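Chemist: Before we start, here is the structure in question, set down as structure tokens.
The values are calculated or read from the model by the stated rules, or taken from the named source; none is laboratory data. Since the structure is predicted, the reported quantities are computational estimates derived from the model, not experimental observations. For neighbour counting, all protein chains shown are included, and Cβ atoms are generated from backbone atoms with ideal geometry for every residue, glycine included. In case anyone asks, the SASA skips ligands and DNA or RNA and just uses the protein heavy atoms, side chains included. Shrake-Rupley method; radii C 1.70, N 1.55, O 1.52, S 1.80 Å.
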There are 4 protein chains.
Amino acid sequence: MERIRTCVVGATGFAGVEVCRIVLGHPALELTMATDRKAAGTRLADVYPAFEGACDLVLSLPEPEAIAQNADVAFLAVPHTASLAITPQLLSLGVTVIDLSADYRLHDAAVYEQWYGTPHTSPELLGQTVYGLPELNRSGLLVLGERHEKGEAVLVAVPGCYPTATALAAIPALEAGLATGDLVISDAISGVSGAGRSANARTHYCHANESVEAYGVAHHRHTPEIEQTLTQVAGREMNVVFTPHLAPLTRGLLATVYMTAADGITANDVQDAYERRYADEALVSTLPAGHMPQTSSVAATARAQVGVALDDRRRRVIIASCAIDNLGKGAAAQAMQCANLVLGLPETQGIGVTAPLI
Amino acid sequence: MERIRTCVVGATGFAGVEVCRIVLGHPALELTMATDRKAAGTRLADVYPAFEGACDLVLSLPEPEAIAQNADVAFLAVPHTASLAITPQLLSLGVTVIDLSADYRLHDAAVYEQWYGTPHTSPELLGQTVYGLPELNRSGLLVLGERHEKGEAVLVAVPGCYPTATALAAIPALEAGLATGDLVISDAISGVSGAGRSANARTHYCHANESVEAYGVAHHRHTPEIEQTLTQVAGREMNVVFTPHLAPLTRGLLATVYMTAADGITANDVQDAYERRYADEALVSTLPAGHMPQTSSVAATARAQVGVALDDRRRRVIIASCAIDNLGKGAAAQAMQCANLVLGLPETQGIGVTAPLI
Amino acid sequence: MERIRTCVVGATGFAGVEVCRIVLGHPALELTMATDRKAAGTRLADVYPAFEGACDLVLSLPEPEAIAQNADVAFLAVPHTASLAITPQLLSLGVTVIDLSADYRLHDAAVYEQWYGTPHTSPELLGQTVYGLPELNRSGLLVLGERHEKGEAVLVAVPGCYPTATALAAIPALEAGLATGDLVISDAISGVSGAGRSANARTHYCHANESVEAYGVAHHRHTPEIEQTLTQVAGREMNVVFTPHLAPLTRGLLATVYMTAADGITANDVQDAYERRYADEALVSTLPAGHMPQTSSVAATARAQVGVALDDRRRRVIIASCAIDNLGKGAAAQAMQCANLVLGLPETQGIGVTAPLI
Amino acid sequence: MERIRTCVVGATGFAGVEVCRIVLGHPALELTMATDRKAAGTRLADVYPAFEGACDLVLSLPEPEAIAQNADVAFLAVPHTASLAITPQLLSLGVTVIDLSADYRLHDAAVYEQWYGTPHTSPELLGQTVYGLPELNRSGLLVLGERHEKGEAVLVAVPGCYPTATALAAIPALEAGLATGDLVISDAISGVSGAGRSANARTHYCHANESVEAYGVAHHRHTPEIEQTLTQVAGREMNVVFTPHLAPLTRGLLATVYMTAADGITANDVQDAYERRYADEALVSTLPAGHMPQTSSVAATARAQVGVALDDRRRRVIIASCAIDNLGKGAAAQAMQCANLVLGLPETQGIGVTAPLI
């Protein structure tokens, strides 16, 4: 079988290089092109010596026409606005786009403009984009797959890392009506790779090591994205208070979510709802009652694990904790999960059975 | 000046050895005795090579009469129930006790028995014990100091690490009436030293490294201690939902606390209340508006730093984050802060101006 | 194609579970059995929650007859002497054995007995065992493959982690005659997983974190194994001074090797010899001149990277540094590389194109 | 007693801020001035929030005349050449200089120029500077102290971190004639703070974490400094092959040193020589036979610990391993040890009894 020609745009960022790694190990894809504005002309292996002996690809400039000549599908691992600048042209050139940036995640251009402080230059695409959380929007992704098969270029907006973990922690309780009210608190902890590859005071080893801290409190840009998803799930307007923390690990993200318990529900009800919701999901597991997930269990994979508890002493609160790899299920591996669905491939192909276990 | 003879009971645990280190550097105290049931007869330096060349003390058995012969004050760095077994006798032998265990923290013996699953064998002491959070109970500690000066042996119950950080994060908002309702959510992250010196699957380097996880969800024993303090502060019965997490660092604890904002308050009101509350505290600092603390800033000290924000988009929530060292302000250094107050010494003597900064 | 039935003996140790992970992702193998003496009867996923949702296999006791009924090939990830106890019977029952223990690595039973302090109970097998360093003994492994194809059960002794890295660093210089004399110094650094899964004072997170230390100085058991290999390569009796260090990372091993430079050689000669030696190796790369490898580049793979330099100021010394994953090329992934060769599969099948790059 | 007015030049670098921290806790010194070219005008606490609530000093420009007005002693924690630019003037203005840079460490200006690639602009000072390794040159430092007491400004060149650890590991064997030949191999491992505060690809958390690597192989600038010291100690010209490694910890440095053993010596001879050599040193300890030091034992202190072994199998080699804190005994704390000697204060005043033990 001929392999699908694949380009990774923004190949030297942390999410981008993880997409490259996954494509290189994917039996149905071929990494034909990788771009980086600054490093164009040098080999990917010069930037990441891990590729030495494994991949000799030379980085290119992210020019849409060159991408269209070399690839059938493009993964965009770029900062917000960079995808706006290139996606419309890629689509019109017939390249299916799996966009890891924030540019097409929010359905409402006005909300985008409010939180990102910049106009949305292709709002007409928002209606035909699918938000790539397969456990919530698989049918939408499969519809894109049908259009792709007919030769149409389609666009997937891959969720952010915090929204993915928060959504997976909250969905079963909200869908089952176990959580009431309109407030969800998401208190999350991310590894340092979430801060990106840019070297600055905050990503310096000696700053991040042996320390934890909150950041972006009360104004992190993932907040509206989480609210959009939880509102969709709950069927009522949900408010999210979201606090991300930085902890000294490279990869991994844990979201612990607090929701008001509906009257009369028991811990068993909650456990059952989560187990049922994810019973048929290959990549999301509910842990046995009494167990909470740890991020190392899902490192370098597209997997998520969820644990749940009910604090039923006085004020009754559902506490759900979801572990993902911020670069895996939180970015590159989930992007590939979406791509597999859109490209007609087995959903989990090429994205890792299980984590390196220790 | 003759130095005050000091015994550390449970000297090889993480909190105990930190008390030893502080005593060794304290200009007014002398480490005359250190006990450990298992390692008695060997040198402290055999257990902790860091003491090689710095301290040749041989560990003893924790026998009250021997302690009373050798020390005027005893720090108990022992598990719960071990303090119950020894404290009454130490007091009757005239030894002032700074107890780092949980045994005398809860005012109500019934609550102790419910959460710790064991009878409280000296409830008569609870009324005369001071809960050693100096920023809340300094006057009580100074009264103990007066009694100690008159030759009476007194008892301080040093707070737990999570209760310390949660209380310091919540006190200003509750005292000032900025937080309403009866629910406080405390989502906290601790370094692995909080799990103690016992070697087990969870403290194995390869388990704890590169991972975060929640534990003790909805039933951690620090919950009633936090509720007791917040109820005292708020003047109404407070409920606490408390979720501790483990992160890959040795020392450090961050508590991020969520409280319902009273109507009409502004972010400035909140910032002002915190700054005013801690303006005269030597060891607790409110960070400038917009800043959140990181645990490395307070490592190996008795210091705490607090940052605060108001999420005033729709559901209005006060978010306060407090960083301490779980073994410093969360245990040994706070114990010494209490001891200084009780022994008539300068409150911050011997407990570190500032952290090793990186 | 029917997949080869595979058993992992000692499946809950760090090397064992890594073999399980690799087998689960290997297209030609099927994990039909996994054994653990203590955890038999529980699921592998109960011990390693990472398998939750990915593998429901229940652990068995390591009984040779049961293994022979369930598997064509067995990976032994057991401590020394445990392989002695089971390998002869497995072979006679027709099971090909890939042994990760030290029991069959040394050709001379007397040397084994001297360093391991226990008699070698099946010295007759030593002559027909191949030391599984494919880059040195590929032809021997392929001969085993021919015998295996004819239905004979064969035995591979997979090298230790330190011997693998030291050998790969030293082989090109010794083979090419660039290094003279009979002394090689190997100064190596390993991640904590090298100390195994047993929870003890040394593997406690708070001991291993933020610290480096030497251990086993002048008497580590990998010394005779390294000497055996370097003597084979150099064609003269080589002495090795070997110092392992522990550093705070989970996976990764770096060996920096010092060899006396032959008269007249240049840095280019050295660089050329290394590049030539590994030019056709899929899993060992020589880095460009001036570059030294880092262990993260090869994490979770069977890959090795080597960098080399010549200190030609006064005393002329070749310095070669080799990075591997102690559980990958240093154990499980190299075991699979050997198994692939013996089982007639592509040498690198199932063992990872490249590391998770960050 | 009036405290000695102290200025720290380069106060925001890692060594500089550590000097500030030590000065703030030093009973005989007062931090009257701290300089930083870029951050002048802001508070030190704005750069390092750990100082929030502990120190309100505003950073100044490093102008010699202002320094001379405000301080009796200046610690220079600056890159090489920056000390050349300021030290002569400071001395002529009467300020005693404790220089942590490399500028005055090498006795021979030509060697400086060869390794640092820049002319030495004040070679006339080299003859009157003392290399501040107190365990080797205490008498020289005390002579400076006498001159300082008479009102003369004097200059101490504080050793580099690698030279300190290597020297302390090698001195006893070389002085006692137990090591022969002219070659010493020093294989060392440093925490990331050794790479300085500059944020770049190599100090990014995600690069440094979970990895070890060699760097500067065969050409690190500490090499001639080590050779100068070992030549002084051995009384013959010594050659040093020096390989530094980077490991994922913030603070800590371990040097493992290999020396050819003299004929006939025993392991006991070596152990005895090390114990005798450091018996009267307050800050350097020889560990009991069979023990090797770990860096965490000396973190945040001026202490060093040394362990030693003899590999006497065939090629007989002395292996000595020395643990220091690269910012403590390797920089700031050793600088203060030197300052104490020069200023007539107790040698160990203000520099920490023992490390935070875990």
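Chemist: Please work out whether the stretch B:161-326 counts as rounded, prolate or oblate from its C-alpha gyration tensor, where a ≥ b ≥ c are the square roots of the eigenvalues and a/c under 1.5 means rounded, while otherwise a/b larger than b/c means prolate and anything else oblate?
Modeler: Prolate.
Chemist: To continue, here is another question. If the cut-off is 22 Å between C-alpha atoms, which lysines fall inside it for B:Lys38, apart from same-chain ones fewer than 8 positions away?
Modeler: none
Chemist: Roughly how many percent of the accessible protein surface of the stretch D:161-329 is carbon and sulfur, given a 1.4 Å probe and a whole-percent answer? Intermediate values should be presented prior to the final figure.
Modeler: Details: 2100 of 4480 Å².
Carbon plus sulfur share of accessible area: 47 percent.
Chemist: Rounded to the nearest 500 deg cm²/dmol, what is the calculated helix-only ellipticity per residue at 222 nm for the protein assembly as shown, with -39500 (n - 2.57) per DSSP H run of length n ≥ 4?
Modeler: -8500 deg cm²/dmol
Chemist: Over the Cα atoms, compute the radius of gyration (one decimal) and Dmax (the largest Cα-Cα distance, rounded to a whole number) for chain D, in Å.
Modeler: That works out to 19.8, 64 Å for Rg and Dmax.
Chemist: Taking a point 7 Å out from Cα toward Cβ as the label site, list the nm distances between C:Ala85 and the same residue in every other copy, smallest first.
Modeler: 3.6, 6.5, 6.9
Chemist: In what sequence, largest accessible area first, do C:Glu2, D:Glu237, A:Glu18 appear using a 1.4 Å probe?
Modeler: Most to least solvent-accessible, the answer reads C:Glu2, D:Glu237, A:Glu18.
Chemist: Where a Cα-Cα gap under 29 Å defines reach, which lysines qualify for D:Lys150, not counting those fewer than 8 residues away within the same chain?
Modeler: Here the lysines satisfying the reach criterion relative to D:Lys150 are D:Lys329.
Chemist: Set the Förster distance to 56 Å, then compute FRET efficiency between A:Gln69 and D:Thr121 from the Cβ-Cβ distance, nearest 0.05.
Modeler: 0.45
Chemist: Related question: Excluding ligands and nucleic acids, what accessible area in Å² is computed for D:Ser60 using a 1.4 Å probe, to the nearest 10?
Modeler: Estimated to the nearest 10 Å², D:Ser60 gives 30 Å².
Chemist: Turning to a different aspect of this structure: Compute the label-point distances linking D:His107 to its equivalents in the other copies; points lie 7 Å from Cα along Cα→Cβ; give nm, one decimal, shortest first.
Modeler: Ordered by distance, the counterparts are at 5.2, 7.3, 8.0 nm.
Chemist: Is the protein assembly as shown rounded, prolate or oblate when judged by the Cα gyration tensor, a ≥ b ≥ c being the square roots of its eigenvalues, rounded requiring a/c under 1.5 and prolate requiring a/b larger than b/c?
Modeler: It comes out rounded by the Cα gyration axes.
Chemist: D:Thr35 accessible area, nearest 10 Å², 1.4 Å probe?
Modeler: 0 Å²
Chemist: Could you do me a favour and compute the accessible area per residue for the stretch A:255-313, 1.4 Å probe, result in Å²? Don't skip to the end; give the middle numbers.
Modeler: Values: 2050 Å² over 59 residues.
Spelled out: the 1.4 Å probe surface of the stretch A:255-313, per residue, equals 35 Å².
Chemist: Given springs between every Cα pair under 10 Å in a Gaussian network model of chain B, which of B:Glu146, B:Glu210, B:Glu281 has the largest fluctuation?
Modeler: In this elastic network of chain B, the residue with the biggest mean-square fluctuation among B:Glu146, B:Glu210, B:Glu281 is B:Glu210.
Chemist: Which Rg and Dmax, in Å, describe the Cα atoms of the stretch C:4-128?
Modeler: Rg and Dmax of the stretch C:4-128, Cα atoms, are 14.8, 47 Å.
Chemist: Placing the label point 7 Å from Cα along the Cα-to-Cβ direction, what are the distances from B:Arg313 to the equivalent spots in the other copies, shortest first, in nm to one decimal?
Modeler: For B:Arg313, the other copies' label points sit at 3.0, 5.9, 6.4 nm, shortest first.
Chemist: Follow-up question, since we're still on this one. Would you tell me the mean number of C-beta atoms belonging to other protein chains that fall within 10 Å of each C-beta in A:293-305, as a whole number?
Modeler: Going residue by residue through A:293-305 and averaging, the value is 6.
Chemist: May I ask you to give the solvent-accessible area per residue for the stretch C:133-182, in square angstrom, as obtained with a 1.4 angstrom probe?
Modeler: 30 Å²
Chemist: Same structure, new question: May I ask you to give the average projected area over all directions of the convex hull of the Cα atoms of the stretch A:216-277, in nm² rounded to one decimal? Display every interim value, and only then the final one.
Modeler: On the way: hull surface 24.2 nm².
The Cα convex hull of the stretch A:216-277, projected and averaged over all directions, gives 6.0 nm².
Chemist: Considering only protein heavy atoms and a probe of 1.4 Å, how much of the accessible area of the stretch D:1-126 is carbon and sulfur, as a whole percent?
Modeler: Working: 2470 of 4870 Å².
Within the stretch D:1-126, the accessible surface is 51 percent carbon and sulfur.
Chemist: I'd like the antiparallel share, as a percent to the nearest 5, of DSSP beta bridges with both residues in chain B.
Modeler: So the antiparallel bridges in chain B amount to around 45 percent.
Chemist: What is the average number of partner chain Cβ atoms found within 10 Å of a Cβ in C:279-292?
Modeler: 3
Chemist: Related question: May I ask for the accessible area buried between chains B and D, both sides summed, probe 1.4 Å, to the nearest 100 Å²? Mind showing how you got there, number by number?
Modeler: Details: alone 15210 and 15230 Å², together 27770 Å².
Roughly 2700 Å² of accessible surface disappears when B and D pair.
Chemist: Using a Förster radius of 45 Å, what is the FRET efficiency between A:Asp312 and D:Asp312 based on their Cβ-Cβ separation? Nearest 0.05, please.
Modeler: Efficiency computed from Cβ-Cβ geometry: 0.10.
Chemist: Still on this structure: Express in Å², to the nearest 10, the accessible area of C:Arg313 obtained by rolling a 1.4 Å probe over the protein heavy atoms while all chains stay in place.
Modeler: Approximately 80 Å² for this residue.
Chemist: Additional query: With r as the distance between the Cβ atoms of D:Ser139 and D:Ala85 and R0 = 25 Å, compute the FRET efficiency 1/(1 + (r/R0)^6) and round to 0.05.
Modeler: That gives a FRET efficiency of 0.25.
Chemist: Give the relative contact order (percent, whole number) for the stretch C:4-128; include only Cα pairs under 8 Å separated by 6+ residues.
Modeler: The normalised contact order for the stretch C:4-128 reaches 23 percent.
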